[in-house]
Amino acid sequence: MVGLHQSDVKNPVLRWIDTRLPVITMLQKEYGVFPTPKNFNYFWAFGGLSMVCLMIMIATGIFLAMAYTPNTTMAFDSVERIMRDVNYGWLLRYGHENGASMFFIVVYVHMFRGLYYGSYKYPRELLWMLGVTIFLVMMATGFLGYVLPWGQMSFWAATVITNLFSAIPVVGETIVQWMWGGFSVDNPTLNRFFSLHYLLPFVLFGLVFLHVAALHVTGSNNPLGIEPKGPQDTLPFHPYYTVKDSVAICVFFLVFAFLVFFAPNYLGHADNYIPANPLSTPPHIVPDWYFLPFYAILRAVPSKLGGVSLMFASILILYLLPWLDTCKVRSAKFRPIYRVFFWVLVIACITLGVVGSQQPEGIWVPLGQVATAYYFFHFLVLLPVLGKLEPTLPLPESISQPVLGGGPLPAGAAAKPMEKA
């Protein structure tokens, strides 16, 4: 006879379930007693916030899909009906629209935190690559959703972005026509985009599951970038970090609520409140704000193929980051030169975002080119060379040493190489 799982759950009903399907035991193991470094700061809350954003987007998206009509003659009016006639439709739509912006803000902070603290290095290379894949799927989902209201900016952004694939030699035109479902952006395009926009969040959910599973295999990085030496360096995830993350979630919802109730259109584009008109081109076609840095890279070179190649390379290069950075020390806290260049990278990315929002003329053209050049220089040249030449500060003996007030090692001590744990 097959023995049942021995459950420690006190409640008899839950214990009966857990002995036959040990979900509660698994959750307790992975999110209760799971050992986490004791020196997390609030930047480590952004991973959990991204999961909150994903749940908000899926929940609001399901209800919006019940009232949306994916037809070019009715899509714009159906969105207006959601806003005006559907009970709390305005809340669902503004929550979904601003939820996308909050999602990207949270993920951008999460990614730059990983860059600063070296969370992409051994043994977390696959964890990082799964994160980059999540980012790519997020971008695709965001673009598809931007088209659905079928306003002026939706239509023309879809036309411009899909036409970029025509730059691919030999198969480019075929790819574009397949995406359109015809010979122009029209009803088949909208239907395809709606179907994919509904599907991809569930793909995202699966990728996030793999991302979290990989995290629980390798363990979390921490601000010092050194591996825990034992129980003295860790805390159980609950209640310490569930409480800390709850504070971050409350702050997140305050910002989110401010956007939804007081500035719901601040991050949108006014032209998207004009019905799509294929015969009237807007004077300035721009994607949503979270795509603007990549849009600036696209326009940094006059060649269409060159711009498309650079834009995709700017994302794909992140997959190679664990091998491009040759320094064994993870955290920028112990890399004073890299720390300066990290902030230069942040400034370059913000500059690209501003450049992408402007007309490609005047000072904005060379400014975008300089920022693009630095972006690739940072990853392809600076990180490999700096990792070999930069003198790093000595690492603490353990996580507990600085946490408990021991401070770093004396200045004359040799830097300790990173463990291969």
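Values in this text are rule-based calculations from the coordinates and carry no lab data. Predicted, not measured: the structure shown is a model, and the values here were computed from it. Every residue, glycine as well, gets a Cβ built from its backbone with ideal geometry; the counts of neighbours run over all protein chains shown.
Identify which of Ala67, Ala45, Ala248 has the largest mean-square fluctuation in a Gaussian network model of the chain, with springs joining Cα atoms closer than 10 Å.
Of Ala67, Ala45, Ala248, the Gaussian network model singles out Ala67 as fluctuating most.
Assuming 1.567 mPa s and 4 °C, estimate D for the stretch 37-287 with Stokes-Einstein, Rh taken as the Kirkwood radius over Cα pairs, in µm²/s.
Details: Rh = 20.1 Å.
Answer, rounded: 65 µm²/s.
Taking every pair of alpha-carbon atoms in the stretch 288-395, give the share separated by more than 24 Å as a whole percent. Numbers along the way, then the final one.
Details: 1699 of 5778 pairs.
So the pairs more than 24 Å apart make up 29 percent of the total in the stretch 288-395.
For the chain, modelled as a Gaussian network with Cα springs under 10 Å, which listed residue fluctuates most, Asp288, Asp18, Asp271?
Looking only at Asp288, Asp18, Asp271, the biggest GNM fluctuation is shown by Asp18.
Can you tell me which lysines have their Cα less than 28 Å from the Cα of Lys244? Leave out same-chain residues fewer than eight positions away.
Lys10, Lys29, Lys38, Lys121, Lys229, Lys333
Can you tell me how much longer the chain between Met83 and Ala59 gets when fully stretched, taken as 0.36 nm per residue apart minus their C-alpha distance, in nm with one decimal? Intermediate results must be reported in sequence, preceding the final value.
Numbers: separation 24, 0.36 × 24 = 8.64 nm, distance 1.71 nm.
Full extension of this stretch gives 6.9 nm more.
Name the residue, out of Ser303, Ser280, Ser398, whose mean-square fluctuation peaks in a Gaussian network model built on the chain with Cα pairs under 10 Å.
Answer for the Gaussian network model of the chain: Ser280.
Sort 102-108, 307-313 by packing, meaning the average of other beta carbons within 10 Å per residue, with the highest value first.
Descending packing order for the listed peptides: 102-108, 307-313.
Pull up all non-local amide H partners of Thr36: gap of 5 or more, or a different chain, and H-to-H distance under 5 Å with H placed in the peptide plane.
Leu235, Phe237
Please work out whether the chain counts as rounded, prolate or oblate from its C-alpha gyration tensor, where a ≥ b ≥ c are the square roots of the eigenvalues and a/c under 1.5 means rounded, while otherwise a/b larger than b/c means prolate and anything else oblate? Please list the in-between numbers first.
Working: a/c = 2.11, a/b = 1.28, b/c = 1.65.
Note, shape of the chain comes out oblate.
Could you tell me how many degrees, from 0 to 90 and to the nearest 10, lie between the Cα long axis of helix 237-262 and the main elongation axis, the longest principal axis, of the Cα atoms of the chain?
Result, in degrees: 20.
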